[in-house]
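Just below is one structure, and these are the notes that go with it.
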Amino acid sequence: MTLNPQKSVTLNVKFTPTTVNAATGMIAITSNAVRHPEIDISLSGKGKNAPKLTVSTTSLSFGNVAVGSSPTQTVTLTSSGTTAVTVNSASITGTGFTVSGATFPVTLNPNQSVALTVKFAPKTAGAVTGTLTISSTSSTNPTATVSLSGTGTTSPKLTVSTSSLSFGNVAVGSSPTQTVTLTSSGTGAVTVNSASITGTGFTVSGATFPVTLNPNQTLTLTVKFAPTAAGAVTGTLTISSNSSTNPTATVSLSGTGTTAPKLTVSTSSLSFGNVAVGSSPTQTVTLTSSGTTAVTVNSASITGTGFTVSGSTFPVTLNPNQTLTLTVKFAPKTAGAVTGTLTINSTSSTNPTATVSLSGTGTTAPKLTVSATSLAFGNVAVGSSPTQTVTLTSSGTTAVTVNSASITGTGFTVSGSTFPVTLNPNQTLTLTVKFAPKTTGAVTGTLTISSTSSTNPTATVSLSGTGTSSALLTVSASSLTFGNVADGSSSTQTVTLTSSGTAAVTVNSASVSGTGFTVSGSTFPVTLNPNQTLTLTVKFAPTAAGAVTGALTISSTSSTNPTVTVSLSGTGTTSLSLTVSPGSLSFGDVTDGSSATLPVTLTSSGTAAVTVNSATISGTAFTVSGATFPVTLNASQAVTLTVKFAPTAGGAATGALTIKSNSSTNPTSTVTLSGTGEHTVQLSWKAPTGSPVQVTGYNIYKATGGSSSYQLLSSTSQLTLTDSNVASGTAYSYYVESVDSAGAESGPSNVVNVTIPTP
């Protein structure tokens, strides 16, 4: 390095200690200076400890994550300095992002690390960004940030309620069922493509596939096992869907067919309740041969004062599925509770001695019997109002007075009587309970009946029902009137179908009756979501005159009025219609003095005779012929007019043929006419006389516009020639020369000058 006089240079000395000990050094500078050619500069310093925090990454990308899922990733914080570093906090931003793994502040010794767990749990679909901010005592980068990103996605998922169904022992000829529930448990709709089954005797029902389930929607399949022979059977129910997990789910099936005599008794107890002395109500017990072989009932004996049994003489043999009904009567002689037992002995392989406990109470007092203790309305569509009845019976030995019947529970009402009312023994009163839910959801209530009954003077009937969303179809019109429509034409009107309920409605079909009526607009079945509409087009195209009626019948899954009929009416009328063909005539070029003709056909195209009143023509050189007017044309009959163009001068000519009739459509029809008159020059001459040679032909020469340059126009043996190649407003000159058999020409004739007029 060379320094000119008065110039300087600055050297920077860096000290980067690797230990905490003292360090010394020296800089030796050598130059060509006269004085001090070598200079030594001593150096000293001491390293000191410094905290430092290293973050394992600057960004985390979670990619696509299904809504409802929550994947995690880690961020490692490492004390990479020479002294302990303190992490004061780790905060996070961004919807769906959370951080865990440490309680702050936390101090990390050199080389010590702590792992933070970042979770991304999107609640909705879409891209999300965020930031993890780490604050520490690091000597470098005390505030570190990690950028976060991810995208929430919806995913179809199907959950199957069970992985196996065991039917156990099932008698041949029986067919018990079990259910499998499919639930759309993801965040997007899932499509179940099929449900197939294997295994002798196993069948599945409950849906037509494919079927799409929205999130949280369920579908119940019914699996039946109907063995046809004894022995163990296995099978598999295979469910195929577009589930993001387990798209092919299987449910293992098992059961054993058995063949043995078996007797099933319809009940294990009969309770007659309070029975007035002198009365003798009856109840029945049904015995069923429910096995695969015949069962013998040996006896049916009864105990208990006032109880008797009838209905058969024993022993009796019942073949499979055959039944026997026994009648048990309770006729108390005195007041008081009575119990008894009906004992049935048989050859049943299970429970050969079956017992039915009997109970009843003889009464001699006013008593009210209520026919039910509960009424369950089940699922009822909002807007519907089903009813059930409760019968009150005076079952004592004296008259009973019903004082009141009150009801609680939203949507429940009771009717049927004005209270108080007195019922003599055995007299009844029927109350009607209505459930008309206004909103969806389960509802309970109570019907309370107060009377002078010696037992249970305040009787209650529990009420329950669930309001459900309803499929409902509204049709925009109950009738369509088309009025008068000409035969051969058609008229259309529309009918709008609206899903006006709270659930989707399926329109199964739309059929039409009535001659000339048709319907279009959709292919069925079609499902309409709430508030969605479908427009049908009804056309009336009569083929004959006269009034016609019909009906548009619409079948749907509407909870009310599933079959809607729209009445149709219209009247076919005869029509007067004249078709003119063609609509224009072009004659092109026609030589002056000649003529050209073209036809125009008039056709009666309606359903009744049409009268053509006149056919008039305009335009120089145009004329029409072919009919004398007026003329009447029956349906499909035609007449042909002939239009002639005979120009008398050169140039374009136009005109119109106007046809007037009593046609209900286009009573005045116009055919446009056009043509062009073409100019010609007619030349003629006489044969020469006294020629020394025989003349065999003639050459005609032509000059244009006063020119002296003649060109051969034509050669002919005739004494006339027509020149059509002339232009308006142009002058032409002609002469003729005779030609002999050797081709020799005579001298020219006199010159004829012609000027073509301007049209």
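The values are calculated or read from the model by the stated rules, or taken from the named source; none is laboratory data. Note that the coordinates shown come from a computational prediction; the quantities given were computed from them, not determined experimentally. Methodologically, a virtual Cβ is constructed for each residue, glycine included, from the backbone with ideal geometry; neighbour enumeration extends over all protein chains shown. Keep in mind that these areas ignore ligands, DNA and RNA; they rest on the heavy atoms of the full protein, side chains included. Shrake-Rupley method; radii C 1.70, N 1.55, O 1.52, S 1.80 Å.
Worth pointing out:
- Between the amide H of SER290 and those of LYS262, LEU263, THR264, ASN321, distances stay under 5 Å, these residues lying 5 or more places away or on another chain, with hydrogens modeled in the peptide plane.
- When THR720, THR448 are compared by accessible surface with a 1.4 Å probe, the order from highest to lowest is THR720, THR448.
- Placing a label point 7 Å from the Cα of THR238 along the Cα-to-Cβ line, the residues of the stretch 156-200 whose backbone N sits under 18 Å from it are 160, 163-165, 192-200.
- Take every pair of alpha-carbon atoms less than 8 Å apart whose residues are at least six positions apart; their mean separation over the length of the chain yields a relative contact order of 5 percent.
- Each residue of the stretch 407-424 was assigned a 3J(HN,Hα) from its phi angle through the Karplus expression (A = 6.51, B = -1.76, C = 1.60, θ = phi - 60°), giving 9, 10, x, 4, x, 8, 9, 10, 8, x, 6, 10, 9, x, 9, 9, 10, 6 Hz with x at Gly and Pro.
- Summing Lys and Arg as +1 and Asp and Glu as -1 over all other residues whose Cβ lies under 15 Å from the Cβ of SER691 gives a net charge of -2.
- Carbon plus sulfur fraction of accessible area for the stretch 321-370, probe 1.4 Å, in percent: 51
- Set of the stretch 588-614 residues, backbone N closer than 15 Å to the point 7 Å along the Cα-Cβ line of THR672: 588
- Exposure ranking of MET26, MET1 by accessible area [1.4 Å probe, largest first]: MET1, MET26
- Close amide H partners of THR236, meaning residues 5 or more places away or on another chain with modelled amide H under 5 Å apart, are THR198, GLY199, LEU253.
- Lysines whose Cα lies under 19 Å from that of LYS367, excluding same-chain neighbours fewer than 8 positions away: LYS333
- Shape call, the stretch 360-454: gyration tensor on alpha carbons, a/c limit 1.5: prolate
- Exposed loop sites here are trypsin sites (Lys or Arg not before Pro) assigned a DSSP state other than H, G, I, E or B and surrounded by at most 15 other beta carbons within 10 Å; excluding them, the longest clear run of the chain is 439-685.
- For LEU60, residues with placed amide H under 5 Å, excluding near neighbours: SER147, LEU148, SER149
- Note that the stretch 76-91 has calculated 3J(HN,Hα) couplings of 9, 9, 10, 7, 9, x, 9, 9, 4, 10, 10, 8, 7, 6, 9, 10 Hz, one per residue in order, obtained from phi through the Karplus relation 6.51 cos²θ - 1.76 cosθ + 1.60 (θ = phi - 60°); glycine and proline are x.
- Protein-only accessible surface at a 1.4 angstrom probe places the residues THR86, THR565 in the order THR565, THR86, largest first.
- In sequence order, calculated HN-Hα J values of the stretch 323-333 (Karplus, 6.51, -1.76, 1.60; Hz; x Gly/Pro): 10, 9, 9, 9, 10, 9, 10, 10, 10, x, 9
- Extension gain, LYS438 to LYS123: 0.36 nm times the residue separation minus the Cα-Cα distance gives 110.1 nm.
- Cross-link partners for LYS157 among the lysines, with Cα-Cα distance under 21 Å and sequence neighbours closer than 8 places in the same chain left out: LYS123.
- Stretching THR308 away from ASN750 to a fully extended chain increases their span by 143.9 nm, per 0.36 nm per residue minus the current alpha-carbon distance.
- Shape class of the stretch 299-429 from the alpha-carbon gyration tensor: oblate, with a/c at 1.5 or above and b/c at least as large as a/b.
- Three-way shape call for the chain based on the alpha-carbon gyration tensor, with the a/c threshold at 1.5: oblate
- Average Cα contact separation per residue, the stretch 198-350, under 8 Å, 6 or more apart, as relative contact order %: 21
- Probe 1.4 Å, protein heavy atoms only - accessible area per residue of the chain in square angstrom: 51
- Accessible surface of THR474 - all protein chains present, 1.4 Å probe, nearest 10 Å²: 60
- At R0 = 22 Å, FRET efficiency that the Cβ-Cβ distance of SER194 and PHE524 yields, to 0.05: 0.40
- Carbon plus sulfur fraction of accessible area for the stretch 558-699, probe 1.4 Å, in percent: 51
- Among beta bridges identified by DSSP and lying wholly in the stretch 18-143, the antiparallel ones come to about 95 percent.
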